[in-house]
1. Considering only the range 97-113, I want to know if a residue exists there that is assigned to a strand (DSSP E or B), among the small types (Gly, Ala, Ser) and at pLDDT below 85.
2. Restricting to the range 265-283, give me the number of residues that are within 22 Å of residue 228 (Cβ to Cβ) and either at pLDDT below 85 or assigned to a loop (DSSP other than H, G, I, E, B) (or both).
3. Going by the structure shown, is residue 35 within 30 Å of residue 160 (Cα to Cα), in contact (Cβ under 8 Å) with a residue 24 or more places away in the chain, of a type outside the set (A, V, I, L, M) and in contact with a strand residue (DSSP E or B) (Cβ under 8 Å, 6 or more places away or on another chain)?
4. Which one is nearest to residue 40 (Cα to Cα), of the residues in the range 87-122 that are loosely packed, with under 14 Cβ neighbours inside 10 Å and polar (S, T, N, Q)?
Amino acid sequence: MKVLPLTLVGSSMGAGLFNFFPNRIWGSWGRWSDCDGNQQRTRQAPCLSGLPYCQNPLIERTTEGCKRVTWGQWGNWGLCNPRTRQRQRMAPCIAGKPDCYNPLIERMPCGEQRIWGEWQSWSICDVQTKQRSRQAACLAGAPQCNNDLIEREDCDMPPQPETWGSWGAWSTCSNGRTVRTAPCLAGCASPLMETKDCYTPLPPRPVVLPQCAITVSSDICATNPPVTELNGALCAFNTLCVKKPEIFRPTMFAPFAPYKSCGLSTIHHMQRCLASQSLMKCSGLNAATINNCWSLWKRNDYWMGNILTPQG
């Protein structure tokens, strides 16, 4: 903050005059002025004592409270230089070192014919280059000028609000988590990501169906009626198993489960299976069981009174 007295006395003696003389030299500071074109404001203290102590009011300048700029406003154009046929104008250095050291100077041709027109308004600040530009139209044409005059300067972009696009599809479930993203559109550095728990169902267990092909030659069912009761039972099972293989699927507590072996079943049980055509009655039955258990089943049926003789 600089204090600039407008008198020689004030400049050489400074603020010490407030205490050196019995009477006050300057009065109280006035209100700060508004910021001027050079982004400075001032206040004054009036001269109270008069000569020889002071002649003019004391003036203080500051840039505090004003917008920080590097150079001030352009001054008026100077007179045309007859030797260089140019004129110039200046903008004072306000920021000081290291931002700037000297005033900014702009020159333009002058004389009988004007080459470029007045500067147009500044463009909007470019997001990529962080610069803005303005143009002055070429008035003279070739060979004095071929294109418009362009001036560029650095500028600051106001911060943009963070904006994301629409959510994408959820990813495949992996390790119990799934992810989706939304692309960054403006004011953000990376896409938005959302995760949630997920569950991958286990693949269904393969259905084990019984082997429907019988273990005897293919002409066993060619005769009608079959030659033996066993042949007839095998043919009846084979026909139903081809049509409904699911009713013979093995289960733990099946009517024809392996742990029951042949001793706990009968031909009567097999006939009930063929008649009901349901899993509850047929589970576990297959051609090998019929072949292996046929004789024992006949004996069981005989003792239970289901058939007349053990031999059938």
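1. No, there is no match, as no residue in the range 97-113 is assigned to a strand (DSSP E or B), among the small types (Gly, Ala, Ser) and at pLDDT below 85.
2. Counting residues in the range 265-283 that are within 22 Å of residue 228 (Cβ to Cβ) and either at pLDDT below 85 or assigned to a loop (DSSP other than H, G, I, E, B) (or both) gives 2.
3. It is true that residue 35 is within 30 Å of residue 160 (Cα to Cα), in contact (Cβ under 8 Å) with a residue 24 or more places away in the chain, of a type outside the set (A, V, I, L, M) and in contact with a strand residue (DSSP E or B) (Cβ under 8 Å, 6 or more places away or on another chain).
4. The extreme case among them is 102.
The values are calculated or read from the model by the stated rules, or taken from the named source; none is laboratory data. Being a predicted model, the structure only gives us computed values, none of them experimental. For neighbour counting, all protein chains shown are included, and Cβ atoms are generated from backbone atoms with ideal geometry for every residue, glycine included.
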